[in-house]
1. Tell me the accessible surface of SER549 in square angstrom (1.4 angstrom probe, heavy atoms of protein chains only), to the nearest ten.
2. Within the range 79-220, how many Lys pairs sit with Cα atoms under 26 Å apart, leaving out pairs fewer than 8 places apart on the same chain?
3. Evaluate the relative contact order of the range 550-655 (contact order divided by residue number), counting alpha-carbon pairs under 8 angstrom at least 6 apart; express in whole percent.
4. What ranking of TYR93, TYR668, TYR446 comes out by heavy-atom accessible area, probe 1.4 Å, highest first?
5. By how many nm would the segment from ILE48 to LEU562 lengthen if fully extended, with 0.36 nm per residue of separation less the alpha-carbon distance?
6. Exceeding 20 Å between C-alpha atoms, which entries from my cross-link table qualify? They are LYS484/LYS654; LYS577/LYS614; LYS29/LYS63.
7. Quick one: pull the percent of accessible area on the range 436-518 belonging to carbon and sulfur, 1.4 Å probe, ligands and nucleic acids left out.
8. Could you order TYR269, TYR635 so the one with the most accessible surface comes first? Probe is 1.4 Å.
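The values are calculated or read from the model by the stated rules, or taken from the named source; none is laboratory data. Because the structure is a prediction, the values reported are computed rather than measured. Note that we place each Cβ from the backbone using ideal geometry, even for glycine, and neighbour counts take in every protein chain shown. Just the protein is used for accessible areas: all its heavy atoms, side chains included, with ligands, DNA and RNA removed. Shrake-Rupley method; radii C 1.70, N 1.55, O 1.52, S 1.80 Å.
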Amino acid sequence: MKILLPLLILHIFVSCSVAQTGYSTTNKKAIALFEKARKAPAAKLNPITMQPDYATGIELAEKALLKDSNFVEAHLLAGDFADYSNNVEKAIYHFKKAIQLNPYHSPSGATHYLLGNMLFETGQYQDAITTLSTFVGNKNANPDYVTDAYHVIESAQFALNAMKNPVQFNPVNLGAGVNTADPEYFPTITVDGQTILFTRLVKDERVQNQNKKQEDFFVANLSKNNTWEKAFPMPATINTVQNEGAPTISADGRSLIFVACAMNDAGEYGENRQGKGSCDLFITKRLGNRWSDPENLPGYVNSNKWESQPSLSADGKTLYFIRGLKNKKQQNDADIFVSTLLDDGRWGPPTRLPNTINTDETEESVLIHPDGKTLYFSSRGHKGLGGLDIFMSRMDENGNWGTPVNLGYPINTRFDENSLMVDATGDLAFFASNRTGGFGDLDIYYFELPEQFKPVKTLYFDGFVYDKTTKNPLPGKFSLIDLKTGKEVVRAEADRITGIFTVSLPINCDYALNVSYPGYTFYSANFNMKLPENQEVVHMDIPLNPINSIETVTLNNVFFALNQAVLQEESFVELAKLSSFLKANTALTIEIGGHTDTRGDEKENLKLSETRAKAVVDYLIAQGIEAKRLQYKGYGETQPKINDEAINLLKTDKEKEKAHQQNRRTEYKILN
């Protein structure tokens, strides 16, 4: 957190300090030099920075101090000009001198306020607390600045405590495959941890600006020996002569959303790109190995303002991003917004995250973890060590964001920290830094995230959708439902060319899977994302039967109460899918078949299986399916998937029970 005051306010402070009746010196030569110093910045521009010539003003003010070292106003002017030219150390020196010479030179205590903020900015936390405590005790102090000062004092106290209690932090450079002498930053990684995509600032003679540099995307893959292979640029349809930056990649690595900015004041974005504001979000999708031409993100996210730094949720249905705007003081600000995907594929009207997250200062570098409930972001406005600090917030069961937690020292310092990326497992975090020992400028590093800042561990589920008869890949549409809540957690589709899909899922949950594609019966399964140690993936190949197939289809997510024909609530999602399938294929007639295991009385099992099959038919009729299209039959224990002989050979009771569960099932088959 850093208090940045508009220059106008600083001028007011200094003017109040120096425009007194008479000066604190009677030395005429000192006064003459002081008057020249006041006028110097406006007299000419610095030929290098094209800013007012503050350096000459400082030089003249310091010459005045050589004539009289007790000249308070000269110290204030030199400190003021030093602050304007970002020479904070010199500004601190002169403001300290002014206060030492006359602690009451400013009735409002303005110099104490300025000095306290500068001391905080430079990491001199105890001195900042002391100086600002004097300021807030001044009865003439501006109430708004008193409020700000209390906030800085709290941050300084937090910083001192954080430095006394450092968190674990051992950053490791990603190596020469990713990092070069050029700056690399804004990393994003696929849910399987095998591919990293990042921004690199490259030399490009086509660029019209003076430094001949622009931003492009690069991709690197993880090798079998766990090192990053040499990064390669994204195709020319994505990397252009303009800047492309701040990417977010979907969990399966097949959708990329990034920011591109207008190339001039006329709002032109370059060839084949249309924008709405100074910077907009664009999307490109990969089909097989080819990326589509980027298009302006459909929907309501982009505006005539500045949109940047997107973060896409693992289910692909929620997008967080940064929008530039003005705060209540009409200062430049940036806040975190969120948009959800509409049914027509466009992004809905965005909403600003609550004040729990957003402040009157800048928020940026937002990341929604694949668990969907842990948010990482950088902020100047929350209690921190100075500059931009990285924070974490967790969403509660009601969808509310909790109070942000500072990631602590030395992850955060008095400098700016941002661009944090946390992998799906929650174990590793990636960030960009220009620390010593790298390959040059900004490099990408990773470190093990301290336990208290880790999200819910999220693993990935992948597979291959194909025609069971021809074995050809299919772009099956699938949804995953949390069986406990009944809520759909993922809706996606397999690659149109390869039939491959990858999604991320939080661990220790039971999921129902439904996969469908026009002209095929739908597929269902259920599984638990509780994996053995060191296993990070559930793999499932999904065969889809053509509608004209005579094979039966198991409804793996239809459940009944024990020894009853009462459908459990978890069944309704799958039966709704079956109902939709029948409504979409109105010529079909089906039979619902009920099956039991071989335990219990054979006649009772037959009766139970029939009443359960009828319960499913009754549900479908209630959903609007004509009764004449539905038949039901109970098969009891006559058609086990696994016979008793095979079950008895299993080693554990758990394995045997799982086999019995496979025999207890509900199926459907197409009759016509």
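1. 30
2. Number of lysine pairs found: 4.
3. RCO, the range 550-655: 28 percent.
4. So the residues, ranked largest to smallest area, are TYR93, TYR446, TYR668.
5. 176.9 nm
6. Violating the 20 Å Cα-Cα cut-off are LYS484/LYS654.
7. Carbon and sulfur atoms account for 53 percent of the accessible area of the range 436-518.
8. Values: TYR269 10, TYR635 30 Å².
Correct descending sequence by accessible area is TYR635, TYR269.
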